[in-house]
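**Student:** Let me begin by handing over the structure; questions about it come next.
The values are calculated or read from the model by the stated rules, or taken from the named source; none is laboratory data. In this text, all values refer to a predicted model and were calculated from it rather than measured experimentally. Heads up, the Cβs are rebuilt from the backbone with ideal geometry, glycines too, and the neighbour counts pull from every protein chain shown. The accessibility values were calculated without ligands, DNA or RNA, using every heavy atom of the protein model including side chains. Shrake-Rupley method; radii C 1.70, N 1.55, O 1.52, S 1.80 Å.
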Amino acid sequence: MSSSSPSPPAPAKATAGSNAERSRHHNRKVVLGYISANAPAGRAEIARASGLSTQAVSNIIADLEADGFLASQGRRKGARGQPPVQYAINPDGAAALGFELRPDALFVTLVDIGGAVRHSARIPLAASGPAEAAFEIMKAANTAIAQSGLERSRILGAGVVMPGPFGIELDRGSEAELHGWADTDPAVFLSNALEMPVIVENDATAAAIAERVRGVGAGLDTFCFVYFGTGLGLGIVARGQVMRGAFGNAGEIGHIVVEPGGRPCECGQSGCLEAYTSRLALRRMLAEAGVKADSAAEIEALHEAGAPALTAWLDSAAPPLSRAIAMLENLLDPQAVVLGGALPDRVLDDLIARLDLPAASVSNRPDRKRPRVLRGVSGRTTAALGAAALVIHDTITPSLEPS
Ligand SMILES: [Zn+2]
């Protein structure tokens with residue numbers, strides 16, 4: 001993957017800083033967040049936007065520069081009097097690792113604090129239990145850090161994406177799930193293995209963050225991301241904040257029933273969305289037709305050739321997905337629903353073209369400027385990118401209240 005430096009979406013307004021010493025950590029994020037969105041920026045400008053005193057901003061900038069997060073850009077030319085020194089994020093100053101652990105593969109990415117992807121790779125897995133996964137993750141981390149040219153001390157932490165649900169054994173026996181993790185707290189286990197902070201997130205939520213940082217979610221504050229992993233997941237961003245639910249399991253959309261009495265699902269119910277609209281469902285329909293195709297390239301080739309089994313899957317997947325999207329619209333009132341994940345772009349586009357969304361939806365607005373359903377653009381490493389972006393997001397984005 002080539003390096004690129006997209007600018008993160010600008011905040012609607014600067015988050016207010018606080019001069020109290022207990023808020024030092026918060027204020028550091030305020031300054032970093034402002035510079036990240038508005039670089040290059042000078043002290044007085046940051047002070048005006050944040051409400052912090054110029055002295056407080058100067059102190060924070062000195063700290064951030066000493067820590068390597070900021071780089072001075074020199075003085076702005078053409079300004080009257082003594083022109084202010086300008087600062088920008090130093091992309092070599094910090095970075096985060098992102099992993100997506102799937103039952104059959106590990107995706108790894110390393111993203112610097114400027115948003116550039118410095119390394120990405122896919123590693124096939126024979127087993128995905130805690131011991132095997134931790135071994136491959138450590139190996140992949142070492143390779144990523146070595147190839148990025150950054151020192152290990154510059155790595156803020158790792159985001160790890162795993163299919164949910166977390167902390168509950170539903171005994172679905174599904175191919176979409178990781179096995180052997182029921183008694184392991186993945187964040188603690190992987191943090192010990194990697195010797196760095198680890199955030200664990202479900203694939204759909206991480207993909208939504210990736211899409212907001214780099215893709216079609218930029219400029220969207222409230223949207224849903226329907227994610228084709230091995231199963232089907234849902235990430236929800238509401239007013240810029242991730243909606244996780246009480247136990248981190250919000251968005252288990254794959255097992256909502258869209259066809260009562262319909263196809264049996266591995267979870268024990270009948271008519272789950274995932275039994276129709278998922279890569280597993282596609283693979284089964286292809287297998288029933290005697291076609292073996294699993295990789296994105298093979299599926300894309302079938303689509304290009306107009307394979308009847310693939311067309312039949314699209315025809316069977318679109319109606320239940322249309323019903324599920326209508327539910328999301330009426331429940332969450334999103335600006336858009338984004339489809340993405342591990343299906344080729346053209347297949348997703350074709351699926352979107354076959355949707356039949358009801359007119360009776362709160363999303364059918366007369367003032368609508370973008371389509372109700374969009375295709376994601378961040379590609380197959382979306383979730384791993386989102387996992388790294390979550391770590392960076394935690395470093396440079398102040399929460400709404402000083403902590
Ligand atoms: Zn189910």
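**Student:** Gaussian network model of the chain, Cα springs within a sub-10 Å range: biggest mean-square fluctuation belongs to which of Arg239, Arg372, Arg323?
**Tutor:** Sorting by GNM fluctuation, first place goes to Arg239.
**Student:** How would you rank 118-131, 270-283, 195-208, highest first, on the average number of other Cβ atoms within 10 Å across their residues?
**Tutor:** On the way: 118-131: 15.1, 270-283: 23.0, 195-208: 25.4.
Result, highest mean Cβ count within 10 Å first: 195-208, 270-283, 118-131.
**Student:** Given only helices, namely DSSP H runs of n ≥ 4 each adding -39500 (n - 2.57), what is the per-residue ellipticity at 222 nm of the chain, to the nearest 500 deg cm²/dmol? The partial results should precede the final answer.
**Tutor:** Values: 11 runs with 144 residues, N = 403.
Theoretical 222 nm ellipticity from helices: -11500 deg cm²/dmol.
**Student:** So how strong a dipole does the chain carry about its Cα centre when Lys and Arg Cβ are +1 and Asp and Glu Cβ are -1, to the nearest 20 debye?
**Tutor:** In total the dipole reaches around 1820 debye.
**Student:** Assuming a ≥ b ≥ c are the square roots of the Cα gyration tensor eigenvalues, decide whether the range 21-90 counts as rounded (a/c under 1.5), prolate (otherwise, with a/b larger than b/c) or oblate. Present the calculation step by step, with values, prior to reporting the outcome.
**Tutor:** Numbers: a/c = 1.89, a/b = 1.45, b/c = 1.31.
Cα axes put the range 21-90 in the prolate bin.
**Student:** Nothing charged except the Cβ atoms of Lys and Arg (+1) and of Asp and Glu (-1): what's the magnitude of the dipole of the range 21-90 about its Cα centre? Round to the nearest 20 debye.
**Tutor:** On the way: 10 positive and 5 negative charges, 54 e Å.
Magnitude of the dipole: close to 260 debye.
**Student:** Let me ask another. Counting only heavy atoms of protein chains, what accessible area per residue, in Å², does the chain have with a probe of 1.4 Å? Present the calculation step by step, with values, prior to reporting the outcome.
**Tutor:** Numbers: 18140 Å² over 403 residues.
Normalised by residue count, the accessible surface of the chain is 45 Å².
**Student:** Alpha carbon centre of the range 51-115 versus the range 182-223: separation in Å?
**Tutor:** A separation of 21 Å, based on Cα centres.
**Student:** Along the charge dipole of the range 21-90, which of Ala47, Ala66, His25 sits closest to the positive end, that is, farthest toward it, with unit charges on the beta carbon of Lys, Arg, Asp and Glu (+1, +1, -1, -1)?
**Tutor:** Ala47
**Student:** For a test of the definition: using alpha carbon positions, the gyration tensor, and the 1.5 limit on a/c, classify the range 216-319 as rounded, prolate or oblate.
**Tutor:** Details: a/c = 2.57, a/b = 1.50, b/c = 1.72.
Since a/c reaches 1.5 but b/c is at least a/b, the shape of the range 216-319 is classed as oblate.
**Student:** Can you give me the Cα centroid spacing of the range 304-337 and the range 227-287 in angstrom?
**Tutor:** Distance between centres, Cα-based: 12 Å.
**Student:** Classify the chain from the C-alpha gyration tensor, please: rounded if a/c falls under 1.5, else prolate or oblate depending on whether a/b exceeds b/c. Walk me through the numbers on the way to the answer.
**Tutor:** Working: a/c = 2.09, a/b = 1.63, b/c = 1.28.
It comes out prolate by the Cα gyration axes.
**Student:** Follow-up question, since we're still on this one. Defining a contact as two alpha carbons under 8 Å apart and six or more residues distant in sequence, what relative contact order in percent does the chain show? Working shown, then result.
**Tutor:** Values: 805 pairs, mean separation 72.5, N = 403.
Normalised by residue count, the contact order of the chain is 18 percent.
**Student:** Which ³J(HN,Hα) values, rounded to whole Hz and listed in residue order, are derived for the range 49-65 from phi using the Karplus coefficients 6.51, -1.76 and 1.60 in 6.51 cos²θ - 1.76 cosθ + 1.60 with θ = phi - 60°, glycine and proline given as x?
**Tutor:** 6, 9, x, 7, 6, 4, 5, 4, 4, 4, 5, 5, 4, 4, 4, 5, 5
**Student:** How high is the relative contact order of the range 21-90, in percent, counting Cα pairs under 8 Å that sit 6 or more residues apart? Display every interim value, and only then the final one.
**Tutor:** Details: 80 pairs, mean separation 24.3, N = 70.
The normalised contact order for the range 21-90 reaches 35 percent.
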